[in-house]
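The values are calculated or read from the model by the stated rules, or taken from the named source; none is laboratory data. Being a predicted model, the structure only gives us computed values, none of them experimental. When we count neighbours, we look across all protein chains shown, and the Cβ atoms used for this are built from the backbone with ideal geometry, even at glycine.
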Amino acid sequence: MTPAASTGQSDVASFGVGYEVAEPHVLSSPLVFSSPHSGRAYPPGFLAASQLELAQLRRSEDAFVDDLFADCLKVGAPMIRALFPRAYLDLNREPYELDPRMFEGRLPPHANTRSIRVAGGLGTIARVVGHGQEIYRERLPIGEGLARIEALYKPYHARLGALVERAELAFGFALLVDCHSMPSAPLAAQNGAGFGREPAQPTRKADFVLGDRHGASCAPAFVEAVESELRSLGFTVARNKPYAGGYITEHYGAPSFNRHALQIEISRGLYMDERTVTPLSRFPEIRSALRRVVEALAAAAASRLPVCRDAAE
């Protein structure tokens with residue numbers, strides 16, 4: 001095993017469970033917020049194994065999204081956020097979407113090696129970032145990849161699932177808000193630079209894209225509440241194009257079972273310098289706008305509580 005691979009193994013242990021949960025003082029809403037791609041702790045072993053500079057790797061982050069949605073606590077909803085970056089491990093994938101070109105050793109028989117995301121280099125452990133830039137200098141031992149999944153991926157989803165279940169038990173239904181950001185330039189011009197939840201395709205610029213898997217993961221009333229509030233604030237909004245939702249939205253969104261999931265994508269150009277990955281002066285303005293969105297969504301959820309509780313009973 002190479003020194004870089006050995007360091008990578010110790011990197012996994014350094015994260016602990018690899019996530020943090022911020023809880024409200026009083027749990028008073030069925031909303032649950034998840035920020036799976038805003039982690040910004042880059043392990044030394046990972047950086048040593050990569051042929052890219054940190055600045056290049058950081059362009060795949062949903063940088064500062066956890067901060068933008070932090071006011072969810074004020075409406076009585078928790079937030080879970082990853083500490084590690086998505087270039088290290090992507091939580092918005094199936095647990096074993098693995099690219100055999102990346103690894104030394106035999107992949108487990110249950111690995112999904114044929115998904116579109118794997119073909120694009122964007123599996124559970126990404127092969128590329130940005131404009132198709134290869135991350136690693138050499139192949140990774142499969143043991144390291146599996147260690148990341150066991151130590152970081154599975155604990156995150158176990159806790160996220162528990163938060164969703166708690167909300168459903170407490171309020172009769174749960175509404176998961178999956179928080180992301182997207183490059184401000186059209187994806188077609190970036191050759192997939194969005195590190196996307198779906199394959200890149202031409203799209204008009206929008207300030208926000210709401211993904212409900214074309215109505216399959218979330219009740220329309222919740223999507224409409226978010227869209228209406230954003231439009232009232234002067235933002236442009238698209239639905240499901242080019243981001244209809246990834247694994248998280250698909251896995252946790254089941255409206256017929258009282259579980260809803262809505263993905264919100266924010267254009268990075270609204271709040272940060274995408275080249276330097278630093279907040280813009282209007283960052284507080286965007287956070288304030290998102291607080292109003294969160295409040296509108298919480299109100300929409302609250303209006304359904306009696307109906308959902310009666311149905312649950």
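Tabulated values for the structure
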read-out	value
Looking only at segment 242-272, and only at residues there that are closer than 22 Å to E97 by Cβ and of a type in the set (A, V, I, L, M), the one that is farthest from the chain's Cα centre (by Cα)	A254
Pairs where the first residue, in segment 11-39, is touching a residue at least 60 places away in the same chain (Cβ under 8 Å) and within 21 Å of P279 (Cβ to Cβ) and the second is of a type in the set (D, E, K, R) and surrounded by 22 or more Cβ atoms within 10 Å (Cβ to Cβ), C-beta under 6 Å, 6+ apart	E20/R81; S35/D66; S35/R81; H37/D62; H37/R86; S38/D62; S38/D66; S38/R81
Options A238, A244: the member that is crowded, with 17+ Cβ neighbours inside 10 Å, small (G, A, S) and part of a loop (DSSP other than H, G, I, E, B)	A244
Out of A119, A55, A48, sole residue that is over 25 Å from M272 (Cα atoms) and out of contact with any helix residue (DSSP H, G or I) (no Cβ under 8 Å at 6 or more places or on another chain)	A119
Residue check, N112 more than 18 Å from A49 (Cα to Cα), without any contact (Cβ under 8 Å) to a residue 24 or more places away in the chain and within 22 Å of the chain's Cα centre (by Cα)	yes
Some residue of segment 250-266 being within 19 Å of F173 (Cβ to Cβ), among the small types (G, A, S), at pLDDT 95 or above and buried (at least 21 other Cβ atoms within 10 Å of the Cβ)	yes
Residue list for segment 117-169, restricted to those being free of Cβ contacts under 8 Å to residues at least 24 places away in the same chain and buried (at least 22 other Cβ atoms within 10 Å of the Cβ)	V118
Segment 288-313 residues that are crowded, with 20+ Cβ neighbours inside 10 Å, paired with ones that are at pLDDT 95 or above and hydroxyl-bearing (S, T, Y) (beta carbon under 7 Å, 6 or more apart)	A298/S29; A301/S29
Some residue of segment 54-63 being closer than 30 Å to E285 by Cβ, in contact with a Leu (Cβ under 6 Å, 6 or more places away or on another chain) and buried (at least 18 other Cβ atoms within 10 Å of the Cβ)	no
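A quick yes/no check of all residues on (1) touching an Asp or Glu at 6+ places or on another chain (Cβ under 7 Å); (2) polar (S, T, N, Q); (3) assigned to a loop (DSSP other than H, G, I, E, B); (4) at pLDDT 95 or above:
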{"position": "G8", "(1), (2), (3), (4)": "yes, no, no, no"}
{"position": "V26", "(1), (2), (3), (4)": "no, no, yes, yes"}
{"position": "D66", "(1), (2), (3), (4)": "no, no, no, yes"}
{"position": "A77", "(1), (2), (3), (4)": "no, no, yes, yes"}
